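Since the structure comes first, as structure tokens, the remarks are kept for the end.
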Amino acid sequence: MAKRSSTKKSPATSDPTLPEGSERILGLAVNTLGRRIVWSLAQRTAQHGVLPGAYPVIAWLMHLNEATQTELSKLISIEQPTMAVTLRRMERDGIIQRTPAPDHGRKSVVKLTARGRKLSAVISAAAHDVQSVAAKGLSAAELDEFYRLAGLMTENLNTKRRR
């Protein structure tokens, strides 16, 4: 009979909703953190009628002012059909508007409406609140290191993806 390890997990790294040892699997740990962040954001923005799939679209459009569906798909790293559904829903809800691209008849340019820009402020405030909760107990240096490491890992995976 195999002997079971009796190493005790620290509360900071233990999550009873994950299989034992899975917090050491990078993808699962990051995915779990991401889902908890999105759930927390959704709790804070639901009353405004904005769904989590719209968050990155709104953020990028605030940054770029306008973009095509293809550009947004690449920036957010989701497939074109998923982006098409997200944009249709956002257009229906008055968050974005689409206009024909002047240089290409089949493309359209996506921009935020006044409602979309207002929702950006709501999402931004909610994101800051969620970050405060998530970063509780972390120093500014630790948070900076988290962002540095996440950026490095993202770039490593992007390099592999571009090949």
Fill in the blank from the handout: Those residues of segment 69-106 which are more than 17 Å from the chain's Cα centre (by Cα) and on the phi > 0 side of the Ramachandran plot amount to Gly94
Exercise for the section: Specify the residue that is farthest from Met62 (Cα to Cα); the eligible residues are those in segment 124-163 that are touching a Leu at 6+ places or on another chain (Cβ under 7 Å) and assigned to a helix (DSSP H, G or I). Expected result: Val130
Fill in the blank from the handout: A careful count of residues in segment 44-90 that are without any contact (Cβ under 8 Å) to a residue 12 or more places away in the chain and surrounded by 15 or more Cβ atoms within 10 Å (Cβ to Cβ) gives 3
Practice task
Kindly indicate whether any position in segment 100-111 is open to solvent by less than 40 Å² (accessible area, probe 1.4 Å) and without any contact (Cβ under 8 Å) to a residue 24 or more places away in the chain.
Solution key: no
Practice task
Might you check whether a residue that is within 16 Å of Thr70 (Cα to Cα), of a type outside the set (Ser, Thr, Tyr) and open to solvent by less than 70 Å² (accessible area, probe 1.4 Å) occurs anywhere in segment 116-126?
Solution key: no
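The values are calculated or read from the model by the stated rules, or taken from the named source; none is laboratory data. What you see is a predicted model, and the numbers here were worked out from it, not measured in a lab. Don't worry about glycine lacking a Cβ; one is built from the backbone with ideal geometry, like all the others, and counts go over all protein chains shown. Note: areas computed on protein heavy atoms with side chains; ligands, DNA, RNA excluded. Shrake-Rupley method; radii C 1.70, N 1.55, O 1.52, S 1.80 Å.
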